[in-house]
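What follows is calculated from the coordinates using simple rules that are stated; it is not laboratory data. The structure displayed is predicted, hence computed values, not measured ones. Here the Cβ positions follow ideal geometry from the backbone for every residue, glycine too, while neighbour counts run over all protein chains shown.
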Amino acid sequence: MKRIAQVIVLLAGLSLWLPGQLRAADKPVFRIGTHVSTFGSMDEVAAKKGYFDEAFGKGGYSLKVFAQGKLMLEALLANSLDTGFTAARPYVAIVAKKGRVTGIGVNALICKTQSIVVAADSPIRSLKDLRGKKIGTKIGSSENFLLSSIIMPSVGIKEGEWTPVNLDNTDRVPSVRAKAVDAAQVEDPTLSLSEVNGWVRRLVPDFCPYDNTPMIQIANPQTLAQHSDLYTKYYKALLKAHQFLRDNPDEYARIYTDALNARGAKFEYKVVRKLLDGVTLHPRIDAPIVKYLSDMAKSIHATGEIKRLPDFAKGESFNTKLLDQVLK
């Protein structure tokens, strides 16, 4: 049990800073945040392949791995990051409250990387069996919003008929194994690692029948105003990683496997190769993404959490020109 927790903590909690924290004032270090989950792999592979070195020069960037997208958003708002990504719900809430953040693209669509799991020996067989049960989630997060507003109602379970237990990603599988909770929301790569090792069992294959959550690529408005060229360089490097995934998925998987295991995990290449099939690249903030964010805003507004509706249809909080120029 202790070993399981240690593996997942190492996987999700370790921050990786690459060289370049200090540099001449006229050559600012571009501070990149990425996610410990599979949809954060593009930044790690871009670093390992040298794409960021090509874009920014040696020591011209730093990369930090975060356990949650919301933490990246908080770091960016605190002026500790220049770019990262966060799920739709926290992004919408911050924009509604006039927070200083700019959406510049989409990191990925992540429904294929998520599921609800129970212990391998649990008597729970379906979502309907979760009535009256304790479920590990992150209260206030996009995933919790999805669980409470879409997934549980889809099987007739109302709010108050199950108990959300506030858990960080690192604690969910250990809590399921220890029977501290009956089920939990889990993402890849922890999801596949836990499943392959026989620790958990999925109740649904993934979340795609319920929602296809976009991770919004965000920019620090201050840096964007002063050094917009750095974001152009970033996207050129990142899109090389996207193309590398499309053209060479096997080699990409080997590089990402090494990156995961360097953080203390024990992944087999074949597991990583399979879970990468769940990464859906979708870099643009296009009409479907705008509609998704607008619908999310209406849902949050109905709860009273936000007092105004951002006008995403008119481009509030967006700067899509950078990516458009790179993709020309």
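Summary table below
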quantity: Long-range amide H partners of Lys134 with built H, under 5 Å; calculated: Thr163, Asp182, Ala183
quantity: Filter on Lys233/Lys270; Lys64/Lys266; Lys49/Lys274; Lys274/Lys328; Lys48/Lys233; Lys98/Lys298 - keep pairs with C-alpha separation over 26 Å; calculated: Lys233/Lys270; Lys274/Lys328
quantity: Test item: Cα-centred dipole of region 112-202, Lys/Arg +1 and Asp/Glu -1 on Cβ, debye; calculated: 260
quantity: Inter-part distance where region 244-305 and region 69-123 are each reduced to a Cα centre, Å; calculated: 11
quantity: Global geometry of region 201-328, whether rounded, prolate or oblate, following the gyration tensor of its Cα atoms and the 1.5 cut on a/c; calculated: oblate
quantity: Amide H contacts of Ile216 (H built 1.01 Å from N, under 5 Å, at least 5 apart or other chain); calculated: Thr86, Ala87, Ala88, Asn107
quantity: In region 269-300, trypsin sites (Lys or Arg not before Pro) in a DSSP loop with at most 14 other beta-carbon atoms within 10 Å; calculated: Arg284
quantity: Gain upon complete extension [Arg308, Arg273; 0.36 nm per residue less C-alpha separation]; calculated: 8.3 nm
quantity: Fully extended contour minus Cα-Cα distance, from Leu327 to Arg202, at 0.36 nm per residue; calculated: 41.2 nm
quantity: Option label - semi-axes √(5λ) of the Cα gyration tensor in Å computed here, alternatives (1) 32, 25, 16; (2) 34, 23, 18; (3) 46, 22, 16; calculated: (1)
quantity: Residue-span extension gain [Gln226 to Asp286] - 0.36 nm each, minus C-alpha spacing; calculated: 19.0 nm
quantity: Value of [θ]222 nm, deg cm²/dmol, for the chain, DSSP H segments ≥ 4, -39500 (n - 2.57) each, nearest 500; calculated: -12000 deg cm²/dmol
quantity: Cα long-axis angle, helix 287-303 against the chain (0 to 90 degrees, to the nearest 10); calculated: 50
quantity: Global form of region 63-111, assessed from the alpha-carbon gyration tensor, a/c cut-off 1.5; calculated: oblate
quantity: In region 112-202, lysine pairs closer than 14 Å at Cα, eight or more apart or cross-chain; calculated: 5
quantity: C-alpha long axis of helix 228-247 to longest principal axis of the chain, angle in °; calculated: 50
